[in-house]
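Report on the following structure.
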Amino acid sequence: MDPGQLAVLRTPEGTAALAAARDALAAGRTVVALRARGVPPATAAAAFTQAELRARAVAKFGDDAHRMFFTRAGLQQATRAVVADRRAARLRAAGVCTIADLGCGIGADALAFARAGIRVYAVEADPATAAVAEANAQALGLTDLVSVHCGDATSAPLEDVDAVFCDPARRSPEGRRVFDPAAFSPPWEFVAGLPRRIPRTVLKLAPGIDHALVPPGAEAEWVSVDGEVVEATFWFGPLARAPRRASLLRAGAVAELTGTGERLAPVDRPRAFLYDPDGAVVRAHLVAEFAATVDGVLADPSIAYVYADAAAPTPYARCFQVDEVLAFSVKRLRAALRDRGVGRVEIRKRGSALDPATLRRALRLSGEGSATVVLTRVAGAPVALLCRPATAEGLGPTG
């Protein structure tokens, strides 16, 4: 969406077209329905695209999505409101009053900062995206706290802010993912230098960021929402509170696990219960810290499955009861499942190169029962664990 299309959609005629597009989409009709009502073709197309994006954005922004504007790339890369609001609250509690948002995108984090009462100087290099961010601040009534500037983040003035937030772009102009930090926009050299200029710096990064890039003294946090790891966040200066943190957001609740990221868990045989830690715990290298909370062990030092003698309520992992441990072979696994009348399997894996879909076809199962098959290694040897979800009340993030 270019700035001209956005300007049209912000007029009374554009607002009417957006309402008509939402109704048409809800009724299962296409953009043709808008044209039939006399909406100009270009406006109809832009309004219908916005209706589709707004419907998709509800998962990230709730009811605010129906008043906001989006680009496809901007929505895809935008921070979920629940994550942005939590970050903004932490910054506000730390005494941050003004913040520079470098690479603000469509404004998801800038809006959260403003809702927390923080004044925001937002910078975005792409003119169309900057226009969307400005429109969103206006749509949500936050223009008194958010000023959006189209420009290069590397030249943004930082003298009058007491904190910096930077979410460097990690996609090429063609939309391909960029994994080399030197190719981020702004580049890693600039991003990594921000804490030297403004000690209270926060960086939002991809969950797969290399731990080697975590500077000494910084806090590296991995965040998951409903079991999906959505970002890594580096906190600097007085904002850093622990070397590593895993933050799990689920159903309005937050669970946090902290540690050094260097602790080693004891290694022993598989036990009666298997815990599959949340991805944020694994990414943060806090599996050993989690294992200590359930008196657990690893069966292989390189695999993040935790085994324990008892099932304990925990927000950090799903818990399964282990019924049998099999040295892996398709034939042996097939026979064991058929003996149990299993026709449906959930296949989970760590430390196995097998493709679950290929294995499921090879098993050729029939029956009324169900089971969870965990493909992993024990002391370096491939095994299949026949499991079922632990049923004690309160176990695991999914019960």
note = Only one of Phe48, Phe61, Phe70 is in contact (Cβ under 8 Å) with a residue 60 or more places away in the chain and among the aromatic types (Phe, Trp, Tyr), namely Phe70
note = Condition set charged (D, E, K, R) and assigned to a helix (DSSP H, G or I), scope the stretch 1-50, selection nearest to Asp63 (Cα to Cα): answer is Arg22
Residue among Phe184, Phe165 that alone is touching an Asp or Glu at 6+ places or on another chain (Cβ under 8 Å) and hydrophobic (A, V, I, L, M, F, W, C) = Phe165
remark   = Checked the stretch 135-147 for anything part of a loop (DSSP other than H, G, I, E, B) and either of a type in the set (Asp, Glu) or in contact (Cβ under 8 Å) with a residue 24 or more places away in the chain (or both); matches are Leu140, Leu142, Asp144, Leu145
remark   = Residues of the stretch 145-184 being touching a strand residue (DSSP E or B) at 6+ places or on another chain (Cβ under 9 Å), exposed (fewer than 14 other Cβ atoms within 10 Å of the Cβ) and under 23 Å from Ala88 (Cα atoms), in sequence order, are Pro157, Asp160
query = With respect to Ala310, is the statement that it is more than 24 Å from Leu205 (Cα to Cα) and small (Gly, Ala, Ser) true?
reply = yes
Test for Asp152: is it without any contact (Cβ under 8 Å) to a residue 40 or more places away in the chain and on the phi > 0 side of the Ramachandran plot = no
key: Selected residue [touching a helix residue (DSSP H, G or I) at 6+ places or on another chain (Cβ under 7 Å) and surrounded by fewer than 18 Cβ atoms within 10 Å (Cβ to Cβ)] from Leu257, Leu264   = Leu264
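Each value in this text was obtained by applying a stated rule to the coordinates, not by laboratory testing. Just so it is clear, the model here is predicted, and its values are computed rather than measured. For neighbour counting, all protein chains shown are included, and Cβ atoms are generated from backbone atoms with ideal geometry for every residue, glycine included.
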